[in-house]
1. Looking at the stretch 99-112, I want the residues that are buried (at least 23 other Cβ atoms within 10 Å of the Cβ) and have a partner that is acidic (D, E) and part of a loop (DSSP other than H, G, I, E, B) with Cβ atoms under 6 Å, at least 6 apart or on another chain. Which pairs are those?
2. Just the residues that are acidic (D, E) and in contact with a Pro (Cβ under 6 Å, 6 or more places away or on another chain), please, taken from the stretch 90-106.
3. Return the pair list, or none, for Cβ contacts closer than 6 Å from residues in the stretch 151-172 that are in contact (Cβ under 8 Å) with a residue 24 or more places away in the chain to residues that are assigned to a loop (DSSP other than H, G, I, E, B) and hydrophobic (A, V, I, L, M, F, W, C), at least 6 apart or on different chains.
4. Quick one: which of A177, A184, A160 is under 15 Å from the mean Cα position of the chain (by Cα), at pLDDT 95 or above and loosely packed, with under 12 Cβ neighbours inside 10 Å?
5. So is L190 assigned to a helix (DSSP H, G or I) and either among the hydroxyl-bearing types (S, T, Y) or within 19 Å of the chain's Cα centre (by Cα) (or both) or not?
6. Do we find a residue being at pLDDT below 95, of a type outside the set (A, V, I, L, M) and in contact with a Gly (Cβ under 9 Å, 6 or more places away or on another chain) anywhere in the stretch 51-67?
7. Please work out if V59 is closer than 20 Å to D101 by Cβ, under 16 Å from the mean Cα position of the chain (by Cα) and of a type in the set (V, I, T).
Amino acid sequence: MLLAIDSSTGTSVAVVDRDGGILAERTLADTMSHAEVVGSALREVMQEAGVTASALSGVVAGMGPGPFTGLRIGIAAARVFALAAGKPLVPLVSHDAVAFDWYRSGNTGGLLVVTDARRRELYWSAYSGTDENGIPVRVEGPGLSKPDDLGHGDLFRLDATTVSAGALGMLGELLYATGGSFAADEALYLRSPDAVPSLGAKRVTA
């Protein structure tokens with residue numbers, strides 16, 4: 001059983017079980033209120049699923065790609081919860097969950113997952129299909145492009161406004177079961193944060 005958290009686009013939190021599927025999930029498309037909703041979503045899904053932290057095998061974190069401010073909130077929440085519960089953190093690429101959800105719905109062929117990167121740019125990942133275990137095969141990306149430079153016109157394009165933590169968690173369960181590889185434990189911002197500290201102290205005059 002896994003707790004999954006993603007804030008790469010909106011905010012999504014879920015409790016999943018390999019046999020039982022998605023036991024509880026909360027997903028909000030608002031990209032500006034991650035910090036306000038992630039705590040309540042965590043409490044709600046744990047209560048709805050009827051599980052305690054000790055029953056979990058791990059905590060899945062969607063590592064992006066995503067804008068700096070929103071993405072780091074979900075990752076921080078996942079890391080803190082995992083540390084407090086004494087459970088391993090399971091990092092996954094958020095776009096892989098979107099692709100996993102699309103393919104397990106019966107779709108086949110090449111896929112281009114696209115999410116909003118703000119600043120009139122897009123995050124993208126390209127997939128060729130799934131492997132023998134049903135895990136999406138990412139052949140390129142995650143990347144960052146201007147809309148006109150996106151390319152991959154031969155692939156079916158899926159513009160995702162949210163990433164389902166339920167799908168993220170079920171992908172994690174499948175990877176656990178089949179011995180698949182997880183992502184690196186580092187956030188995929190793909191560019192510098194919107195806000196940076198000043199390099200010098202501001203001079204104060206009387």
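The values are calculated or read from the model by the stated rules, or taken from the named source; none is laboratory data. Worth saying up front: this structure is predicted, and the values here are computed from it rather than measured. Here Cβ is always computed from backbone atoms with ideal geometry, including for glycine, and neighbour counts include all displayed protein chains.
1. Pairs that qualify, where the first residue is buried (at least 23 other Cβ atoms within 10 Å of the Cβ) and the partner is acidic (D, E) and part of a loop (DSSP other than H, G, I, E, B): there are none.
2. D96
3. As it stands, the answer is T161/A29; T162/A29, since those pairs meet every condition given.
4. A184
5. no
6. No, there is no match, as no residue in the stretch 51-67 is at pLDDT below 95, of a type outside the set (A, V, I, L, M) and in contact with a Gly (Cβ under 9 Å, 6 or more places away or on another chain).
7. Spelling it out, V59 is indeed closer than 20 Å to D101 by Cβ, under 16 Å from the mean Cα position of the chain (by Cα) and of a type in the set (V, I, T).
Yes/no per residue for (1) over 30 Å from V137 (Cα atoms); (2) touching a residue at least 12 places away in the same chain (Cβ under 8 Å); (3) touching a strand residue (DSSP E or B) at 6+ places or on another chain (Cβ under 6 Å):
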| residue | (1), (2), (3) |
| --- | --- |
| A14 | no, yes, yes |
| G21 | no, yes, no |
| R26 | no, yes, yes |
| V38 | no, yes, yes |
| E48 | yes, yes, yes |
| A55 | yes, yes, no |
| P65 | no, yes, yes |
| P91 | no, yes, yes |
| H95 | no, yes, yes |
